[in-house]
Amino acid sequence: MKDQYQKLQLAGEKEDQAEILATLAAIRAGKLKNDLKLLNFYREIPVSYEADIVTVEEAHAELLVHQVQALVISLEKVVILKSSHFPRDVIANANYANVEKSKVVLSSFSYALVRAERRMSVRVELSDPIYATFTYPEGTVGGKLHDMSLTGITINVVDEPAVLLTQQGELSVTLPIGTITVPASVLKVLPLKSGFRLVFQIELTLATEISISQYLFRRQVEIIKELKDHPSIKRN
């Protein structure tokens, strides 16, 4: 999730955390209206529900949350807090997450810039072993598709690719709905613990935009169903 937000310091690390906890305490006491919402990105899909504050202590806060949110927090170990009472969005670590009881305990509060909300289009992470090949005048590089949107595609490769930033070519992706080939240019080459990630900007025709949109929608439905069908979630 670290690529989805950037921590900020307004007055200082300790000062910011104290201010955030004071705001949460004021909401808990009813001095401020509770408009608190939590936000996570599960496989790049936003998960956001309202939350109630149970207790606020010196360095942490306990919240009552939606079960789906509790599940995602238990997996991601972090969460974004949004409220009109904060000068900026807030990021916090999850010390404890009980999905069955819909409770979480948060600490290490910091203001943050949520990069994911600035994206031009919805992005989804892929789980199937889908492969893509980037062809350019000097050669080709292939890898496993990591995520995609209507403006960009990222692939994971084993070895460091011999491509330069802004390198232009064609990207071919074999989706379950068929193979698509689009003009693409290299935006970033990011090192991973194992291998590298290539980030591409893509150009779509009407036909390829329709194909990708249909696949993205289907993938979003699958991800939401995956969360709701998780064994930790209570059935009504």
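The table that follows gives values for the structure above.
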{"read-out": "Leu190 vs. criteria out of contact with any strand residue (DSSP E or B) (no Cβ under 9 Å at 6 or more places or on another chain), free of Cβ contacts under 8 Å to residues at least 24 places away in the same chain and within 24 Å of Glu170 (Cα to Cα)", "value": "no"}
{"read-out": "Any chance Lys31 is touching a strand residue (DSSP E or B) at 6+ places or on another chain (Cβ under 6 Å) and charged (D, E, K, R)", "value": "no"}
{"read-out": "Residue match in region 100-120 (condition: in a helix (DSSP H, G or I) and either surrounded by 14 or more Cβ atoms within 10 Å (Cβ to Cβ) or touching a Lys or Arg at 6+ places or on another chain (Cβ under 6 Å) (or both))", "value": "yes"}
{"read-out": "Leading residue by the ranking (modelled with the lowest pLDDT) among those in region 162-207 that are among the charged types (D, E, K, R) and out of contact with any Leu (no Cβ under 8 Å at 6 or more places or on another chain)", "value": "Lys193"}
{"read-out": "Extreme residue, surrounded by the fewest Cβ atoms within 10 Å (Cβ to Cβ), among residues of region 16-73 that are among the polar types (S, T, N, Q) and outside any strand (DSSP E or B)", "value": "Asn34"}
{"read-out": "Conditions (1) in a strand (DSSP E or B); (2) surrounded by fewer than 17 Cβ atoms within 10 Å (Cβ to Cβ); number of the one not met by Ser194", "value": "(1)"}
{"read-out": "Residue tally, condition among the acidic types (Asp, Glu) and either touching a Leu at 6+ places or on another chain (Cβ under 7 Å) or modelled with pLDDT of 95 or more (or both), over region 59-80", "value": "1"}
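The values are calculated or read from the model by the stated rules, or taken from the named source; none is laboratory data. Please read all numbers here as calculations on a predicted model, not as lab measurements. Methodologically, a virtual Cβ is constructed for each residue, glycine included, from the backbone with ideal geometry; neighbour enumeration extends over all protein chains shown.
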